[in-house]
Amino acid sequence: MPINPLEDLSRGIRVIGEQLRKSAGPDVEWVSDRLENFRRPPAPPRSLAELRAELDSLVGLERVKEQVRALLAFLEVQALRKQNGLSEVATSQHLVFLGNPGTGKTTIARLLAEMYRAMGLLRSGHLVEVDRAGLVGQYVGTTAIKTDRVIRRALDGVLFIDEAYALAPEHERMDFGPEAIEALLKRMEDSRHRLVVIVAGYPRPMRHFLESNPGLSSRFAREIFFPDYTTDELIAITEKFAVEYEYALAEDVDETLEAIFAGAERGERFGNARFARTLFEQALNAQALRLAELRGHALGQLAPDELMRITAGDLRSAAEALGEGAELGSPGAGSWTLFRRRRR
Ligand SMILES: Nc1ncnc2c1ncn2[C@@H]1O[C@H](COP(=O)(O)OP(=O)(O)OP(=O)(O)O)[C@@H](O)[C@H]1O
Ligand SMILES: [Mg+2]
């Protein structure tokens, strides 16, 4: 890869910023904040048409796609009104994503961020993803500073707060979560043209979160609900992963995939598409092990289609490695945590 000296320099400066932050004295915070501005230069913008095509290509999510299209239509009209000197309707662009893990929330948030940028509504359109630990400090007074810094990083882009309900614990009295919410609400108001905030989490505790502070429910006007994927959708998503990574699922794998996905225990902690991804990645390991048994000459002679092919056996081994029993009916103890919260 050719080395770009400017990119090299800004990477160096970012590393210094990180080091300063680790040493964390109040004196260096100002400096480390300034260095934070040396963000990675944004990727070249994609056109709205490209982004719409990517939205369409996602498996299922029909209601989510409809809501995103409706939001885009609204924003486009607002942008046109602005160009024509008409007044802006003061609606809030902040969103609530309700849904279980792995239902596509981060994927849609990232796409939306790029769409806002393509429409000229956000200058950079990057996504900053945090959870409670990224906003809440350990000592009195540190939370507002921490939250403020995250918001500054997110300016001109989208701030995505995962499991946002953890900021308003139901039974905790001495907690700094509400301080983060206050700081957030204030900055959302002050920077309303430069920041879109998306809060996400399980439907049930999110209701409690939104009701915990009257400022929240009024600012997060739109809710998008992400349903769990059906077995057929999980199969289609696995097929999509295969195409994306230049692998090919053997013709007879559907039955195996169906047995795995239909047998998986559903519930608030089910990993949905994240489970499909982990299963797929495990299957790549299983394929590699299978092929590695053909040592030496035979391995070197493998045709590309053998290097691409994932068999039903590979998927079965993958499911077993993940604690989904051989007959694929009984999830092994603790197996769900394996594919719940891995980010990418
Ligand atoms: N509808 C879909 N079509 C194709 N791929 C999908 C779809 N939904 C999710 N994926 C893929 O599944 C993986 C998990 O999705 P994503 O990270 O968006 O879920 P999430 O709801 O943010 O999960 P978590 O709550 O665990 O953070 C990603 O690799 C994503 O590309
Ligand atoms: Mg996510």
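All of the numbers you see were taken from the coordinates with simple rules; none came from a lab. Fair warning: this is a prediction, and the values are worked out from it, not measured in the lab. Here Cβ is always computed from backbone atoms with ideal geometry, including for glycine, and neighbour counts include all displayed protein chains.
Structure note, pairs 82/146; 105/146; 65/240; 105/186: Cα-Cα distances above 27 angstrom occur for 82/146. Annotation for residue 56 and residue 320: the two label points, set 7 Å from Cα along the Cα-Cβ direction, are 4.3 nm apart. Placing a pseudo-label 7 Å from each Cα along the Cα-to-Cβ vector at residue 189 and residue 86 gives an inter-label distance of 2.9 nm. Extension gain for residue 292-residue 175 works out to 36.8 nm (0.36 nm per residue, less the C-alpha to C-alpha distance).
Averaging Cα coordinates gives a centre for the range 302-324 and one for the range 160-232; these two points are 40 Å apart.
The trypsin sites (Lys or Arg not before Pro) of the range 169-214 that meet both conditions, a loop assignment by DSSP and at most 13 other Cβ atoms within 10 Å of the site Cβ, are 173.
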